[in-house]
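The block underneath contains the structure these notes are about, expressed in structure tokens.
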Amino acid sequence: MAKEFQIVVLAKQVPDTHDVGKEAMNADGTVNRAALPTVFNPEDLNALEMALQVRDAIPGAKVFVLSMGPAKAADIIRESLYRGADDGAVLSDRRFAGSDTLATSYALSCAIKKLDNVRLVFCGRQAIDGDTAQVGPQVAEKLNFQQVTYAEKLMGVSEDKLTICRRLEQGIEIVEAPMPLLVTVGGTAPECRFRIANRMLQYYKAVMPSEVKENAEAAEQLWNERPYLKLKEWNADDVNPEMDRLGLNGSATKVKQIENVVLLKKENVNVEPKAEAIEQMWRDLQGVVF
Amino acid sequence: MNFYSDNESLKFYLNHPEMKKAVTLKEMNFADHGKYADAPANAEEGLEHYDLVMDLVGEISGNVLAPNAESVDQEGPHIENNEVVYAKGTTANHEALRDAGLYGMTLPRQYDGLNLGYVPNVMAAEIISRADAGFANIWGLQECAETVNEFACDELKAKFLSRIRKGDTCSMDLTEPDAGSDLQAVRLKATWDEASNCWRLNGVKRFITNGGAQLHLVLARSEERTTDGRGLSYFLYDKADGGLTVRRLENKMGIHGSPTAELVFKNAPAQIVGDRKLGLIKYVMALMNGARLGVAAQSVGLAEAAYREAKLYASQREQFGKTIDQFPLVQDLLRDMRTKTDASRSLLYETARKVDITKSYEAIMKTRSLTPEERKDMKENSRIADALTPMVKLMAAEWANQTAYDSIQVHGGSGFMREYACERLYRDARILTIYEGTSQLQVVAAVKGIAGGTYLKCIEDYDAQVEAALAAGVENAEEIKKLRAQLQKMIEDYKALEAAAKQMEVCPDRRLTESLAYIVMGYLLLLDSTRCGCFLESCKNLIVMGRGEIAKHSACVMQ
């Protein structure tokens, strides 16, 4: 049995972009989060499934789900517990507000360092509200972990390496990677397993402190009686960061303006690798954009 | 798609006023709380648990089972090396429900079960049947676990119950070539093998649903030189122990989701369940009532699917410049389908509540003796459950067939083509009035309730409940008063019919049973209407239908 084998899953709560109505965007071009219901970022569910598969193959391994966001992100931890995760925490603090991918990955890497014996980190390839696909790779850099991106299928599991099939634009690639390792998982990977009935019954009342500010006393009583119903909530101080690398201050990206772009062309254009064809493409593009 | 959350009626019945009592009894006053992390602390939590589990069943039914139904119907199961191989979709359905921890949901927590009551058990069967009525049989056969739990010794329970919970499937091996409705004629032989300290089974079983299962409950003749039901015992057989050949699979008209097999037992080792000689007269009869309610649930689920298919089609299909659901004659069809489905469902959950409460008292009796009031209450609930079970099996199964028939009618020519689901539903529905006791046998079972006055007593009690609700104040009070008066008139007409029937030359039993069924369901929908206006239209329509039926039977009998 592996001694203390921790698998971390990074999961984000995102606005549900199905059936986006007019009220979904604010006048300034930012997302009106209040108008949209929230969901578990789809590819993070694929990541959770892959993490659970590794956990099931390694005796003694545990899956810990980490989500950065407001109090409502506790939904992500509950949903993960229903589906078989062993533990989880929400990283929540006003000082994280305005984080770009650089500040986000820094905060997440600080939180991961708080955990012992982390051998693997799984996360979705990208979140549907930003589509950057940057957070995973940046976390790997900060932790000094190996990384495998665009994972589609787990081909082999041992206690010190994974064999993974990657989905690339032109085909697949099978790689073997040593631990510690971070894996970003794409939407073509196996779907996440369903919620498990008895885990749902066990955890549906689980809450974290900032969710129950109004009913703190009742919650304390519940937690006393059933300690497993208290979800972990970490603020900035809990994860020992350099404070100036958090939130807006720690973000290198400054958003100047957001425009609503309507794509007119639906099909692809093939350009021959010849000088005149490329010049023609350049002229076409200028015609469209300027 | 979620087949639980998209159907408001289900939540309505899960939160019926009597459900708090049902869950409190089932949880033995919440004795498991503190011992198990998933045990509820009180009735509110208990009902929340029911809601959560039904939501999960609804999600898997809507997203896995229903999309697989068409390919399962086309592919069906086959035999490979003496193993029954399910259609690919059937296997996927089974694994999804197993992995979600839903099998054995009614088993006690000591066997890793969820300890859910009988009402959510029946509801799960309804939801699953709406998605795939054939698969519902494989799901429903876990009822065998209930028999093992109720009657088998602790050793057998420990050995098998958690296997069912982990997804080993079951079959109930009763029917033989010469023993169908008449199970007393069962011949499959069980002999005691002293050397191996087990029973040995020899003989043939036919029409065995899910006959390739890992675990079989087998009705067999253990007493030599007997010919009737008193010579039969019940056995648990594990396919892993060998001695069983799956001789063939039947080529059926419908419910292709569940294989129906002919089985040959040759010196198959088995263990006895409970006591010798009680196989048919006690254990199978107990199982049979559950199985009948299971078919009633299957019927309601299938009817719901057929109604929804028709309603959707009628709202999209345009003729003469408008959608066909705007034509009064199509509306008539849809209204009758809705009415029959609502009425069957109301009776289904009324029956399930009575069974739920009865079973919980039986379980409590194993831990302590009941108080006189509790004993009285148990007897009362059990008596009503026994009377309503054949009634709901009869009516729900017949009406599911009519609803499936009408669903094709609404689809017109398209409904006759294989592309539309209504065609599969029509074939799947046909068995409902036949298996687990034909409609005719349900009437035979109902006669006891007619002669003993159980139904009329029930109806009196419903009338008093309506009166109490009116006194307490309800919405739509005028309408409800009017409908109550009509039901009271129907009772009078029925009594005249019953009196006249005694002089009748032909058998009046089915006419009487159906007439009573209309009154019972009319009252149940009326009681539902005192809590939610959404049942009023079906209630009104059912009463119109029922008055017509009773008038028709009266004309026949009193000529």
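The values are calculated or read from the model by the stated rules, or taken from the named source; none is laboratory data. Source: prediction; values computed, not measured. A quick note on method: Cβ atoms are made from the backbone with ideal geometry, for glycine too, and the neighbour counts reach across all protein chains shown.
Residues in the range B:9-21 include at least one that is among the basic types (Lys, Arg), away from chain A (no Cβ under 14 Å) and touching a Leu at 6+ places or on another chain (Cβ under 9 Å).
Considering only the range B:321-366, how many residues are closer than 30 Å to B:Glu150 by Cα and part of a helix (DSSP H, G or I)?
Matching residues across the range B:321-366 total 22.
Of the numbered criteria (1) within 21 Å of the chain's Cα centre (by Cα); (2) surrounded by 24 or more Cβ atoms within 10 Å (Cβ to Cβ), the one B:Arg430 fails is (2). Filtering the range A:242-289 to residues that are without any contact (Cβ under 8 Å) to a residue 24 or more places away in the chain and in contact with a helix residue (DSSP H, G or I) (Cβ under 7 Å, 6 or more places away or on another chain) leaves only A:Val271.
Can you say whether B:Thr358 is modelled with pLDDT of 95 or more, over 21 Å from B:Glu514 (Cβ atoms) and touching a Ser or Thr at 6+ places or on another chain (Cβ under 6 Å), as far as the supplied structure shows?
Numbers: modelled with pLDDT of 95 or more: yes; over 21 Å from B:Glu514 (Cβ atoms): yes; touching a Ser or Thr at 6+ places or on another chain (Cβ under 6 Å): yes.
Against the criterion (modelled with pLDDT of 95 or more, over 21 Å from B:Glu514 (Cβ atoms) and touching a Ser or Thr at 6+ places or on another chain (Cβ under 6 Å)), B:Thr358 qualifies.
So, A:Lys142, is that one within 30 Å of A:Asp238 (Cα to Cα), within 14 Å of another protein chain (Cβ to nearest Cβ), surrounded by fewer than 20 Cβ atoms within 10 Å (Cβ to Cβ) and at pLDDT 95 or above or not? It is false that A:Lys142 is within 30 Å of A:Asp238 (Cα to Cα), within 14 Å of another protein chain (Cβ to nearest Cβ), surrounded by fewer than 20 Cβ atoms within 10 Å (Cβ to Cβ) and at pLDDT 95 or above.
For A:Ala127, state whether it is assigned to a helix (DSSP H, G or I) and under 30 Å from A:Pro37 (Cβ atoms).
Numbers: assigned to a helix (DSSP H, G or I): no; under 30 Å from A:Pro37 (Cβ atoms): yes.
Judged against the criteria, A:Ala127 is not a match.
Given the criterion surrounded by fewer than 23 Cβ atoms within 10 Å (Cβ to Cβ) and either farther than 14 Å from B:Tyr111 by Cα or not assigned by TED's automatic domain parsing to the domain that holds B:Glu126 (or both), identify the matching residue among B:Asp182, B:Asp173. It is B:Asp182.
Restricting the search to the range B:22-39, which residues are aliphatic (A, V, I, L, M) and within 14 Å of chain A (Cβ to nearest Cβ)? Please lay out each step first, then the result.
Let us first name the residues in the range B:22-39 that are aliphatic (A, V, I, L, M), namely B:22-23, B:25, B:28, B:31, B:37, B:39.
Once the filter is applied, which keeps residues that are aliphatic (A, V, I, L, M) and within 14 Å of chain A (Cβ to nearest Cβ), the range B:22-39 yields B:Val23, B:Ala37, B:Ala39.
It is to be established whether one or more residues within the range B:477-487 are touching a Ser or Thr at 6+ places or on another chain (Cβ under 7 Å) and outside the structural domain of B:His16 (by TED's automatic domain parsing). There is at least one residue in the range B:477-487 that is touching a Ser or Thr at 6+ places or on another chain (Cβ under 7 Å) and outside the structural domain of B:His16 (by TED's automatic domain parsing).
Working only within the range A:245-277, note down all residues that are touching an Asp or Glu at 6+ places or on another chain (Cβ under 7 Å) and either at pLDDT below 80 or loosely packed, with under 10 Cβ neighbours inside 10 Å (or both). Explain how you work it out, then say what you get.
Taking the range A:245-277 and keeping what is touching an Asp or Glu at 6+ places or on another chain (Cβ under 7 Å), we get A:250-253.
Within the range A:245-277, A:Ala252 is the sole residue that qualifies.
When we screen B:Ser382, B:Ser369 for residues that are modelled with pLDDT of 95 or more and not in a helix (DSSP H, G or I), the only hit is B:Ser369.
If you check B:Ala213, B:Ala240 for being closer than 19 Å to B:Glu80 by Cα and in contact with a Cys (Cβ under 8 Å, 6 or more places away or on another chain), only one passes: B:Ala213.
Here A:Val239 meets the list (1) more than 14 Å from every other protein chain (Cβ to nearest Cβ); (2) hydrophobic (A, V, I, L, M, F, W, C); (3) farther than 16 Å from A:Phe96 by Cα; (4) within 25 Å of the chain's Cα centre (by Cα) almost entirely, failing just condition (3).
Of these, B:Gln442, B:Gln465, which one is in a helix (DSSP H, G or I), out of contact with any His (no Cβ under 9 Å at 6 or more places or on another chain) and not assigned by TED's automatic domain parsing to the domain that holds B:Asp509? Step through it out loud before you land on a result.
Details: B:Gln465 fails: not assigned by TED's automatic domain parsing to the domain that holds B:Asp509.
None of the others qualify; the one that does is B:Gln442.
Checked against the criterion of being in contact with a Phe, Trp or Tyr (Cβ under 6 Å, 6 or more places away or on another chain) and farther than 30 Å from B:Thr530 by Cβ, the range B:23-40 contains not a single residue that satisfies it. Take B:Gly89 and decide whether it is out of contact with any Gly (no Cβ under 7 Å at 6 or more places or on another chain) and surrounded by 19 or more Cβ atoms within 10 Å (Cβ to Cβ). Spelling it out, B:Gly89 is indeed out of contact with any Gly (no Cβ under 7 Å at 6 or more places or on another chain) and surrounded by 19 or more Cβ atoms within 10 Å (Cβ to Cβ). Within the option set A:Lys72, A:Lys113, being assigned to a helix (DSSP H, G or I), touching a Leu at 6+ places or on another chain (Cβ under 8 Å) and of a type in the set (D, E, K, R) holds for one residue only, A:Lys113.
If you scan the range B:114-129, which residues turn out to be more than 21 Å from B:Val284 (Cβ to Cβ) and under 13 Å from the mean Cα position of the chain (by Cα)? Steps first, answer last, please.
First, the residues of the range B:114-129 that are more than 21 Å from B:Val284 (Cβ to Cβ): B:114-117, B:119-120, B:123-124, B:126-129.
Once the filter is applied, which keeps residues that are more than 21 Å from B:Val284 (Cβ to Cβ) and under 13 Å from the mean Cα position of the chain (by Cα), the range B:114-129 yields B:Val119, B:Pro120, B:Met123, B:Ala124, B:Glu126, B:Ile127, B:Ile128, B:Ser129.
For the range B:363-385, the criterion of a residue being within 13 Å of the chain's Cα centre (by Cα) and closer than 19 Å to B:Ala446 by Cβ is satisfied by at least one position. Restricting B:Thr339, B:Thr260, B:Thr323 to those that are β-branched (Val, Ile, Thr) and closer than 24 Å to B:Val84 by Cα reduces the list to B:Thr260.
Just to be sure, is A:Ala57 touching a residue at least 40 places away in the same chain (Cβ under 8 Å) and under 24 Å from A:Cys110 (Cα atoms)?
Values: touching a residue at least 40 places away in the same chain (Cβ under 8 Å): yes; under 24 Å from A:Cys110 (Cα atoms): no.
Here the answer is no, as A:Ala57 does not meet what is asked.
Which fully enclosed helices (runs of 4 or more DSSP H) of the range B:40-134 have 2 or more residues being more than 14 Å from chain A (Cβ to nearest Cβ)? If you could, list the steps in order and put the result at the bottom.
Details: elements: B:43-60, B:66-75, B:88-99, B:118-131.
It comes to B:66-75, B:88-99, B:118-131.
Quick check on my filter: what residues within the range B:356-385 are of a type in the set (Val, Ile, Thr) and in contact with a Lys or Arg (Cβ under 8 Å, 6 or more places away or on another chain)? Walk me through how you get there before you give the answer.
Within the range B:356-385, the first condition is being of a type in the set (Val, Ile, Thr), and the residues that meet it are B:357-358, B:364, B:367, B:371, B:384.
Answer for the range B:356-385, where residues must be of a type in the set (Val, Ile, Thr) and in contact with a Lys or Arg (Cβ under 8 Å, 6 or more places away or on another chain): B:Ile357, B:Ile384.
Within the range B:406-419, the set of residues being surrounded by fewer than 17 Cβ atoms within 10 Å (Cβ to Cβ) and out of contact with any Gly (no Cβ under 8 Å at 6 or more places or on another chain) comprises B:Gly412, B:Gly413, B:Ser414, B:Phe416, B:Met417, B:Arg418, B:Glu419.
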